[in-house]
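The values are calculated or read from the model by the stated rules, or taken from the named source; none is laboratory data. Quantities reported herein were computed from a predicted structural model and do not represent experimental measurements. Reconstructed Cβ throughout: ideal geometry from the backbone, glycine too, with neighbour counts over all protein chains shown.
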Amino acid sequence: MPRQRSTQEAVLEGDLDAALLRAQAGDEAGFLTLWRALQPMLLRFLRVYGGDAPEDVASDTWLQVVRDLQGFKGDATDFRRWLFTIARHRAIDAGRSRARRPLALVADTGSLDDRRHEPSAEEQVMARMSTDDALATLRTLPAAQAELVALRVLADLDVATVAGIVGSTPGAVRVGVHRALRTLAQGHGPKAVQVP
Amino acid sequence: MSDDDLTPFLDDPLVQALRAPVQEHELAGEDAALSMFRQSLPARRRRRAITRAGVTGAGIILGLGLSGGVAAAYTTDALPDPVQNAVHAALDPLPLPAPPTAHARHLRQVARAERRAERAAARVATHPPSPPARSGPRPSRTPAAVVPPVQSNTQPRPSASPTPAAPKPSMTVAVSAARVPVHGQVVLAGRLTRGTEPLPGHTIYAAELPAGESTWRRVSSGQTGSDGTISLTVPPLTRNVRLRLVTAQGLVSRQVAVVVVPKLTATSARSGNERVVTIHADGGRPGDELVLLRRDGTAWTRIASSSLASDSTGQFVVPGPGAAPVHYLVRLVATARHTASLVQFAVPAR
């Protein structure tokens, strides 16, 4: 089966290089092209890896990008790797910050409602698995495995790039992604939920 | 990127869902991003303007020389741009921002890349299709994947060769969201055409089939505009539905499914050393199952279940504050009428 690509990806594969150059030259349209192409993937990645405030982490990521954009050297592929490396660092920072915050018994106001749910058989008949469902399922994996899948499948980075980002080897990344996807395919997650 | 290593999984619904087309809400925040970008611009624009002065800048740099102070100021963007030009030339091997002297080359690269992009864009199907860039014969290309409006079942598939027969009317449909919070609304948009000709002034109905029912009912209506398009808002949804557009003459679009996410809220009350947590499920029904899970390390352990009472609430009793905070999650199990929903809470440490 041919790989499915979104509209943005299909359109932008050909012009992300141009958009990058234009953005570096100060062109707003160029920047928006980059942002529209990569922000959705970035958000999906951060919804797996970025804790409870993926939008904030994404915003921090772009802030650093626009600040350092002119000094960036490379093509669109390099830019994608740069973007997700920054996002990963910002997410780690955000996680440390969260860990220092006091916890309280509070009712969630609904921010999780749209993020974490599992599809019923009825839904799978009515509609394909949604991206939200898939992201929720991905979060049931151990963090290291979820990160590999997020970078390889969501961020669409190649194996070698993922290995560089997480400090592993391409072989280990390939095996890790396969193992994770096989686990998910066999039953939507490892033994995250156990009946006592 | 090569997908060779993912080939065994490309049919997996999960992988497909992870790579699903972009949803509108994922592009929220564009204005803020653009604002950030604009704020980063002035320095670059100033530099480009001065670069055009060219020779004058080169003269200035001869007078200034390359002192350590100049080199340091270079890294802070504090020097006049012509000075930076020359410093860049001297420090080019260093991983510093691209020098303005490369600007002309950069613009040429932009132009070349834009031309490549235009050629790439021409290969991507858009609607309406863009006219060919040149009149001579060109090898046909298969349009790249786009997100097409959902086609009516009655619409003939596009053919590579012209079809002389008069086409039948057809109606596309798209829904603004496939998943909405309870009481949320969606908009059904469609276009009524005969071949490529829009059909304006036709009455179109939005029809819904709620989960658990077997009869379609019309919920809103309107007339197609001059371009044949129609946009109808569906009343607030409280359970899963299938939706479609219907013409007065009986032409029916394809169905689209929308699932409803109940809203869970949690409140707590002290009861001795314990906490009584009450879950209210807006969009749930009496008898729906609630599951309480506790986070143990990286795993969630199911520790109790309950069901919604007639007032759409359920209760759990959890231990009060202990030596460490404890995280809990309550899940409303999906039914045919709604999708699953979650609410999280934590009992803090003493």
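Scanning the stretch B:266-285 finds no residues that are within 24 Å of the chain's Cα centre (by Cα) and either assigned to a strand (DSSP E or B) or without any contact (Cβ under 8 Å) to a residue 12 or more places away in the chain (or both). Listed here are the strands (runs of 3 or more DSSP E) enclosed by the stretch B:173-212 that have at least 1 residues being among the small types (Gly, Ala, Ser) and on the phi > 0 side of the Ramachandran plot, and there are none. No other residue among A:Gly14, A:Gly30, A:Gly26 is assigned to a loop (DSSP other than H, G, I, E, B), at pLDDT 70 or above and either more than 26 Å from A:Asp133 (Cβ to Cβ) or more than 7 Å from chain B (Cβ to nearest Cβ) (or both) apart from A:Gly26. Of all the numbered requirements in (1) touching a helix residue (DSSP H, G or I) at 6+ places or on another chain (Cβ under 6 Å); (2) at pLDDT 90 or above, A:Asp78 misses one, and that requirement is (1).
Here B:Arg194, B:Arg242, B:Arg295 are screened, and the one residue that is surrounded by fewer than 19 Cβ atoms within 10 Å (Cβ to Cβ), farther than 30 Å from B:Gln315 by Cβ and within 13 Å of chain A (Cβ to nearest Cβ) is B:Arg242. For the stretch B:298-350, a residue qualifies if it is in a strand (DSSP E or B), hydroxyl-bearing (Ser, Thr, Tyr), facing chain A (nearest Cβ under 8 Å) and crowded, with 21+ Cβ neighbours inside 10 Å, and exactly one does: B:Ser341. Among the residues making up the stretch A:49-64, those that are within 9 Å of chain B (Cβ to nearest Cβ) and either surrounded by 24 or more Cβ atoms within 10 Å (Cβ to Cβ) or under 17 Å from A:Phe79 (Cβ atoms) (or both) are A:Ala58, A:Trp62, A:Leu63.
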